[in-house]
Amino acid sequence: MRNTYHICLASHDEVLHRSVEDYIYDVNCFAVAVHRTDSRALADAFMSTHDHSCVQTDDIKHFSFIRRNAYTRYFNAKYERKGRLGDTDCFITELEGIRRIVTAVSYVNRNPLHHGLTSTPFGYKYCSANAIFRRELGKGSIEPAANQHIRHRFLPRNCSLPDSFRVDESGMILQDDIIDVRYVEELYVTPRSYLYMMNRYSDEKWMKEQSEEDPLRPAVTLDTIEQASLDESVEHMKSNEHGRVNLSSMTDLELCGIIDSEYVPLYGKSSVYHLTDGEKAEVGNKLWSRFRRSVSEKQIRRCLIV
């Protein structure tokens, strides 16, 4: 019997994704876990420091292991590191009741907005928000890559997926094929309802609606969804719902790209993980001097694994 869960894998010491290819591979590993465990994916959002997803599965531990192990093996091989990637435990919450499921799915799809990466939930590529009511909301269809063999560049070795899992030109499996779009659309009932949920502010009304459905179970809130998040307060995330994004801020993806392409080679190293503490300190000081108006000290530290 499938139960519904919200899952968050966070990393307090280092970023989970250092390049566009990392994001693509992680999305594809999520799709592999969905297929191998015969699970149903409802939503996902892949961030630099944490991943969110909502799934229905009959074995959440097995699902989490497949999804995490496949990506960790890839990441360790690429960056010549060893050991677990991310925090020791995934943050997992079982969701019961339509209201709580819809709320969790909504928060996952709104995650890039909450972290100030986009001014709306629909402006982020590595998230399932655009897959729901795509045609009705005027987004148009996504054309899969003409050459589907590109998928093998971003899948675990000896892994095969059915043809129903198509990839785009970058090699990333289409969110429309990962998410059970029809099921999720039935949860929201109408495109207007979905659009409303993507744009409403987080307030006590969300909790009241869930309480009316089942007063005995704790409500799903932004606090509970993001309790494994790292640097931002919930109040700051709520302020981001107004869509006033600081586009001058550098993303972790951009900063990691600069570190890996410009600074790591200066020390004759093949990976940031091979830099000594002294070398990392030198790079950190140079980055702070160069980008202090667009990056934070915490950001530099996590991208350098300090």
Which condition number does Pro218 fail, the rest of (1) surrounded by 13 or more Cβ atoms within 10 Å (Cβ to Cβ); (2) over 21 Å from the mean Cα position of the chain (by Cα); (3) assigned by TED's automatic domain parsing to the domain that holds Gly97 being met? (1)
Of all residues in region 41-93, which are aromatic (Phe, Trp, Tyr) and over 19 Å from Tyr107 (Cβ atoms)? Phe63, Phe65, Tyr71, Tyr74, Phe75, Tyr79
Checking Ala219 against (1) in contact (Cβ under 8 Å) with a residue 60 or more places away in the chain; (2) not in a loop (DSSP other than H, G, I, E, B), which single condition isn't satisfied? (2)
Pick from region 221-260 the residues that are small (Gly, Ala, Ser) and at pLDDT 90 or above: which of them is surrounded by the most Cβ atoms within 10 Å (Cβ to Cβ)? Gly257
Top-ranked residue in region 52-98 [being out of contact with any strand residue (DSSP E or B) (no Cβ under 8 Å at 6 or more places or on another chain) and polar (S, T, N, Q); ranked as farthest from Glu14 (Cα to Cα)]: Asn69
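The values are calculated or read from the model by the stated rules, or taken from the named source; none is laboratory data. Because the structure is a prediction, the values reported are computed rather than measured. With ideal geometry, Cβ positions are generated from the backbone for all residues, glycine too; neighbour counts draw on all protein chains shown.
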